[in-house]
Every structure is written in structure tokens, then in C-alpha cells.
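Asks: My questions will all concern the structure given below.
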Amino acid sequence: MWKTPVLIVNFKLYASGVGESALKLARILDKIHQEREISVVVAVNPLDAYRIKKEVSIPVILQHADAVDFGAHTGRINVDLAKEYNLDGLLINHSERTLKIEDIDFLIQKSKELDLISVVCANNFRVAGALAFLEPNFIAMEPPELIGGDISVSTARPEAIVETIEAVKSVRSIPVLVGAGIKNGEDVKKAIELGAEGVLVASGVVKAKDPERVVNDLVDGMM
Ligand code: G3P
């Protein structure tokens with residue numbers, strides 16, 4: 001398990017989050033992890049994952065995997081492949097890649113079996129509570145309407161953070177992360193004060209002119 005609080009940076013499919021740019025950004029995040037001794041994880045494109053994993057010491061996870069075993073599947077990526085390439089885990093059910101509950105369960109159980117970390121996303125507290133029964137390592141709540149915007153979940157929906165933590169903890173003791181619109185250390189600080197054990201960030205870092213400055217500011221909010 002990763003030490004908390006944890007900062008997960010989702011590179012998505014931003015042009016600045018793939019290929020050489022992805023490697024450069026992952027190296028910056030690795031450096032900040034070492035300098036500030038904070039848990040940092042990168043969620044990257046599958047084509048970049050293998051190379052990034054070889055170049056950095058921080059955990060590298062997939063943004064998605066398909067709920068299938070090895071076999072006759074075309075254009076799919078599974079959890080076994082993530083394991084084979086020495087990756088550390090996966091995001092499951094991100095708002096931009098939602099899955100049916102049976103597939104979420106398959107991916108969580110398969111991750112456990114292969115000793116990979118599962119971070120399951122939920123769009124609200126009810127879904128978060130329901131997903132807690134599946135016992136992922138982390139539950140990440142992101143209100144979809146705030147993703148990619150400038151107003152953070154901490155500012156716009158503080159009650160949603162509290163409700164999610166209550167819903168999850170009433171089922172299992174699973175750490176809750178939050179994301180959507182997080183741009184600065186103040187947003188992170190508020191989320192942590194409300195009980196979150198980490199944050200997921202994408203656009204604020206991946207599209208930033210100076211990602212190193214932004215990430216150091218985010219980390220200030222975690223200290
Ligand atoms: O996975 C994190 C992501 O959905 C949050 O995106 O751009 O609002 O930080 P963003």
C-alpha cells in the first residue's frame with residue numbers, strides 16, 4: 001500500500017501527457033517525491049507505462065484495464081499484462097472510462113490476486129459506499145461536472161467529500177481520495193482537512209506551463 005496522503009497525477013490523453021512529455025513529467029514528479037518525501041503516483045497511457053516504469057522510482061499505474069483474462073481479445077489490455085510489465089496498479093471506473101459493476105469487481109479481485117493496487121473511482125457518495133463492498137485499496141470520488149474545470153471539489157462540494165468518507169467508512173476502512181478541479185495547495189489542504197487521504201489531479205499539472213511549481217504547491221497542501 002502507498003503511504004498517505006498520496007498525490008495521484010492522471011496524465012489522461014493530453015498531448016502534454018504522452019510520449020516524451022510524459023516521461024519528462026514523470027521525472028519531475030519523481031524528483032519532487034524524493035525531495036519532499038511525499039507519496040506521488042502517476043496514471044499513464046498504456047503505451048508509455050513500460051518505459052516510464054523503467055525510468056522512475058514512483059508507482060506507475062494504468063488509467064484503465066479491461067476485465068478479461070489472457071486470450072482471444074483484440075485491442076485490450078488486462079491486469080495480468082500490467083503485472084507482467086511490473087506496473088504498480090490501476091485506476092478503475094474513471095468517469096471518462098466507466099465500467100459495469102461486474103467488471104469493476106473482476107478488476108479489483110484480479111488486482112488483489114496479482115498484488116497490484118486498485119484505485120476505484122466513484123462519481124458520488126452513494127456509488128463510493130457501494131464500491132466499498134468490493135474492497136479496493138482506494139476509493140476516489142470525483143464529481144464529473146467539476147473534472148477539468150477551475151473550481152475544485154474542495155471548494156464547490158466540500159459536503160460531498162464528507163458524505164463520501166462517511167459512506168465508505170460505514171462499510172469498510174478504505175482510504176478515500178478526491179479529485180476534480182484541484183489546482184493548488186489550498187484545494188489539497190481543504191480536502192485533507194475534510195478527511196481525504198489524498199487527491200487526484202490531471203489538468204492542473206499536465207497542462208501547466210510550469211508543472212514543477214504547481215506540484216510543489218500541491219505538495220505544500222499535503223504537509
Ligand atoms: O483523475 C483525475 C481527474 O479526473 C481530475 O481531473 O483535470 O479536474 O484535475 P482534473
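The values are calculated or read from the model by the stated rules, or taken from the named source; none is laboratory data. Source: prediction; values computed, not measured. Glycine gets a Cβ as well: all are built from the backbone with ideal geometry, and neighbour counts include every protein chain shown. These accessible areas exclude ligands, DNA and RNA; they are computed on the full protein's heavy atoms, side chains included. Shrake-Rupley method; radii C 1.70, N 1.55, O 1.52, S 1.80 Å.
Asks: Among the residues of region 69-95, what is the count of those that are surrounded by fewer than 21 Cβ atoms within 10 Å (Cβ to Cβ) and of a type in the set (V, I, T)?
Replies: Going through region 69-95 one residue at a time, the tally reaches 2.
Asks: Sort out which residues of region 32-55 are touching a residue at least 12 places away in the same chain (Cβ under 8 Å), over 27 Å from S95 (Cα atoms) and surrounded by fewer than 19 Cβ atoms within 10 Å (Cβ to Cβ), and write them in order of number.
Replies: If the condition is that a residue be touching a residue at least 12 places away in the same chain (Cβ under 8 Å), over 27 Å from S95 (Cα atoms) and surrounded by fewer than 19 Cβ atoms within 10 Å (Cβ to Cβ), then Q34, R36, E55 are the ones that fit.
Asks: So which of V171, V127 is among the β-branched types (V, I, T), within 16 Å of the ligand (Cβ to nearest atom) and surrounded by 16 or more Cβ atoms within 10 Å (Cβ to Cβ)?
Replies: Answer to the check: V127.
Asks: Hey, D105 hits all of (1) in a helix (DSSP H, G or I); (2) surrounded by fewer than 14 Cβ atoms within 10 Å (Cβ to Cβ) but one; which does it fall short on?
Replies: (2)
Asks: Test V176 against the stated conditions and say whether it is surrounded by 23 or more Cβ atoms within 10 Å (Cβ to Cβ) and more than 13 Å from the ligand (Cβ to nearest atom).
Replies: Taking the combined requirement at face value, the residue satisfies it.
Asks: Of the residues A43, A82, A72, only one is of a type outside the set (K, R) and either in contact with a Ser or Thr (Cβ under 7 Å, 6 or more places away or on another chain) or part of a helix (DSSP H, G or I) (or both); which?
Replies: After ruling out the rest, the residue left standing is A82.
Asks: Could I ask something else about it? Only one residue in L194, L146 is over 17 Å from A43 (Cα atoms), more than 10 Å from the ligand (Cβ to nearest atom), of a type outside the set (D, E, K, R) and open to solvent by 10 Å² or more (accessible area, probe 1.4 Å). Which one?
Replies: Selected residue: L194, the only one of L194, L146 that is over 17 Å from A43 (Cα atoms), more than 10 Å from the ligand (Cβ to nearest atom), of a type outside the set (D, E, K, R) and open to solvent by 10 Å² or more (accessible area, probe 1.4 Å).
Asks: Ok, one more. Give the residues of region 7-24 that are within 14 Å of the ligand (Cβ to nearest atom) and crowded, with 19+ Cβ neighbours inside 10 Å, sorted by residue number.
Replies: Those that are within 14 Å of the ligand (Cβ to nearest atom) and crowded, with 19+ Cβ neighbours inside 10 Å: L7, I8, V9, N10, F11, K12, G17.
Asks: Continuing with the same structure: I61: within 27 Å of D220 (Cα to Cα) and either in a helix (DSSP H, G or I) or open to solvent by less than 20 Å² (accessible area, probe 1.4 Å) (or both), yes or no?
Replies: Against the criterion (within 27 Å of D220 (Cα to Cα) and either in a helix (DSSP H, G or I) or open to solvent by less than 20 Å² (accessible area, probe 1.4 Å) (or both)), I61 qualifies.
Asks: Another question, then. Can you list residue pairs whose Cβ atoms sit under 9 Å apart, with the first residue in region 140-156 being among the small types (G, A, S) and the second being open to solvent by 50 Å² or more (accessible area, probe 1.4 Å) and near the ligand (Cβ under 8 Å from one of its atoms)? Count only pairs 6 or more apart in sequence or on different chains.
Replies: Final answer for the pair search is S152/K183.
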